[in-house]
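Since the structure comes first, as structure tokens, the remarks are kept for the end.
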């Protein structure tokens, strides 16, 4: 299957899954806003970057001001972000995550449309 699809399709599908998982975590934060002792959570994307490096995607520092790449690790993990849920911050995070999710879905759809066009022209 790797011969048919580029690495981009795998990366984009992983990214869509990660954005979906983050949405669930952020929605959980909002739904638990009035729960005493609840600590807000978020998804750790550094591990996602590290897992992408494990798939042959290499990141390089081309400028001294760039942040260093994450060290190889596991899958996404949920981490605590603070001691109180801030509704405004959570809603901004949900909106940003929604936009990024839709962008990844659109890029994935374009990849598949490109494959569809190639297959049509080979007939």
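Any read-out appearing in this document is the output of simple, stated calculations on the displayed coordinates, not a laboratory observation. Note that the coordinates shown come from a computational prediction; the quantities given were computed from them, not determined experimentally. Glycine also receives a Cβ, built like all others from the backbone with ideal geometry; neighbour counts cover every protein chain displayed.
A compact table of results
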{"read-out": "Sites residue 105 and residue 81, calculated FRET efficiency, Cβ-Cβ separation with R0 25 Å, nearest 0.05", "value": "0.45"}
{"read-out": "Label-point separation in nm, residue 121 to residue 23, each point 7 Å along Cα→Cβ", "value": "3.3"}
